[in-house]
Amino acid sequence: MSTAAVPSTLQSLPSPALRRFSWGVLVYFIAVILWGTLVRATGSGAGCGNHWPLCNGTVMQHSPRVDTMIEFTHRLTSGISFFSVVGLLAWTFAGTIRGHLARAAAVASVAFTLVEAVIGALLVKLGLTAQSQSPLRPAYLALHLTNTLLLLAALTLTAHFLSRRKGYLRSNVRLVAPFGAVATGVVVMIVGVTGSLAALGDTLFPATSLGSALAQDFSATSGWLVRWRWTHPMVAVLAGIFLIWILLRAARPTPHWNNRGLSTVVLALLAIVYTLGVLDVVLLAPLWLQVAHLLAADTLWTALVVLTARLTLQPREAD
């Protein structure tokens, strides 16, 4: 088929290879985040000392300890993630036309990746790792988690916009109920932040039984980080209300795409996250369950970002 016979909308679509690469970068970033949970849960954050970006002042590690291997691996994979997101940015600009929404999302991805590196370096240089109980650590951790979620959202939007066959140019989309979408995203991010602080409390102040954990949560002698843990499930319930609102909106038929399948996926992931959260409390947060819980939560977040983008950034005209 000649180029003249191909519709102009199809000529401007990015290549399938670029779309696959964008989703692959997102999956890789989630894997790096999960490894970061392993670093925190095992207390390996100080495995490279206070050196950054070098590990214990060197590049090659000779007879490293287990915590050094865990932390050094995290740094290596994080370094690869930076080059992958820069490659995604360059390929997105080369493979899309001016005004493509994926370009802005790709720029945001690189920006959030750089911020992620700076926060990670500060955590190491300030000694806010391993068993540190510094009052600065929760604040930096909350900032770190917020940036991580924004980074995942930017990567998800990059892949989503590259995969769109309509409504991918700034001039061809219209905003629909943006306040509700932003409010939902903020509430879900608050859930993530409170969850990260609860996980930090579990790491620094582990309980020997469910009864002792509950006693710690409501004891006046416990530190605020331990007494903060109960807020996570409460905020999670509040976020569920916002998610139900999104799912009810998504159930309505639209002329652009069918969101029922994605809504079902979000609902299933929400049930999985809540189930794993309950098990996390009952079983006193074993490492494997923390990783599984975070994986489900990150997957839910990415699916929710795509669903919200579909509902909020709609094509001006149905094709």
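Quick notes on this structure:
- Residues Met234, Met69 arranged by fewest to most Cβ contacts within 10 Å: Met234, Met69
- Taking amide H positions as modeled 1.01 Å from N, with prolines and chain starts lacking one, the residues under 5 Å from Gln314 and 5 or more places away or on another chain are Arg174, Val176.
- With θ taken as phi - 60° and the Karplus curve 6.51 cos²θ - 1.76 cosθ + 1.60 applied, the whole-hertz 3J(HN,Hα) list for the stretch 302-316 is 5, 5, 5, 4, 5, 4, 5, 5, 5, 7, 9, 10, 9, x, 5 Hz, x standing for glycine and proline.
A short reminder: the numbers here are calculations on the coordinates, not readings from a lab. A quick note: this is a predicted structure, and the numbers were derived from the prediction, not measured. Virtual Cβ from ideal backbone geometry, glycine too; neighbours counted across all protein chains shown.
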